[in-house]
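Worksheet: one structure, shown below.
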Amino acid sequence: MKRYSEKELKILNQQFKGITPAEIVQWVISNSARPVITTNFRPYEAAILHAVSEIDPVIKVIWCDTGYNTPQTYKHAKQVIDQLSLNVKLYTPKQTAAYRDAFFGGIPDINNPQHEEFTKQVKLEPFLRAMRQQNPDVWFTNLRKGQTSFRDSIDILSYSKDGILKVSPFYHWGDEKLDAYLEQHDLPNEFKYFDPTKVLENRECGLHA
């Protein structure tokens, strides 16, 4: 995938705002060599997984499992993986939850100095390892406007800190529109999702900002 200038990116984002997520995915897939999609199977993730896998059935789906997901999320993940026949590449922390419980005494509070190290172990290190091994030129995500202040500052197309083109086909979609998409394609949703590193729903998870 070529590197777009800020001006080119702005023009593309204006054009993409008026077309469907499927058309965005098709254009990106046609112009990329090593696309990946990341997921944590949080609410509405089935939409982006469906949209991308419909165009590229063998795309690598990177799942960085913190090890702290709810039973509902794990069951939801299996259902979506099986229903869409996803090509999942699973990445987990190098340390077990039992190991961290011994040293951190559970999940450290956001004000605890150990929270930063905890976040590195369960989220950042597995993610960076995944990106290093898969070496993508395009990264599909389900970032949407209105989720966090950082996400409000980007668009359908943006660049990661490492210069990877991030593509968020549903960026301008609200929950109501996504509910209709899930219903139209007979896709499940799950709201009992837990991120041990975010603490607050409107706090950025650390992978994007």
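Things worth noting here:
- Test item: Cα-centred dipole of region 12-84, Lys/Arg +1 and Asp/Glu -1 on Cβ, debye: 140
- Derived scalar couplings between HN and Hα for region 165-178 equal 6, 8, 10, 10, x, 9, 3, 8, 8, x, 4, 4, 5, 5 Hz in order, rounded to whole Hz, by the Karplus curve 6.51 cos²θ - 1.76 cosθ + 1.60 (θ = phi - 60°), x for Gly and Pro.
- Three semi-axes describe the equivalent ellipsoid of region 1-48; taken as square roots of 5 times the Cα gyration tensor eigenvalues and ordered largest first, they are 22, 15, 11 Å.
- Net charge dipole size for the chain [Lys, Arg +1 and Asp, Glu -1 on Cβ; Debye, nearest 20]: 620
- Region 45-64 residues near the modelled Ala22 label - backbone nitrogen below 15 Å, point 7 Å along Cα→Cβ: 47-57
- Estimated [θ] at 222 nm from DSSP helical runs (n ≥ 4, -39500 (n - 2.57)) normalised by residues in the chain, nearest 500: -11500 deg cm²/dmol
- Here each label is just a point 7 Å from Cα along the line to Cβ, and for Asp179 and Asn111 those points are 3.7 nm apart.
- Most tightly packed first, judged by the mean number of other beta-carbon atoms within 10 Å of their residues, the peptides 41-53, 83-95 read 41-53, 83-95.
- Mean projection of the Cα convex hull over all viewing directions, computed for region 6-185: 11.2 nm².
- Accessible surface of region 1-141, 1.4 Å probe, proportion on carbon and sulfur as whole %: 52
- Stretched out straight at 0.36 nm per residue, the stretch from Ala33 to Glu125 would grow longer than its current Cα-Cα span by 30.7 nm.
- Simple spin-label estimate for Tyr159 and Phe194 in nanometres, 7 Å along Cα-Cβ: 3.9
- The residues neighbouring Pro126, those whose beta-carbon lies less than 13 Å from its own, together hold a net charge of +4 under the Lys/Arg +1, Asp/Glu -1 convention.
- Protein heavy-atom accessible surface, 1.4 Å probe, per residue over region 6-185: 50 Å².
- Extension gain (nm, one decimal) between Asp82 and Ala98, 0.36 nm per residue minus Cα-Cα: 2.9 nm
- Relative contact order [Cα under 8 Å, 6+ residues apart], region 6-185, whole percent: 25
- Projecting the Cα positions of Ala22, Ser53, Pro35 onto the charge dipole of the chain (unit charges on Cβ atoms of Lys, Arg, Asp and Glu, taken about the Cα centre) puts Pro35 furthest along the positive direction.
- Measure of compaction for region 49-153 (Cα Rg per 2.2 N^0.38 Å): 1.23
The values are calculated or read from the model by the stated rules, or taken from the named source; none is laboratory data. Being a predicted model, the structure only gives us computed values, none of them experimental. All Cβ positions, even for glycine, are placed from backbone atoms using ideal geometry, and neighbour counts span all protein chains on display. Note: accessible area is taken over every heavy atom of the protein model, side chains too, but ligands, DNA and RNA are not part of it. Shrake-Rupley method; radii C 1.70, N 1.55, O 1.52, S 1.80 Å.
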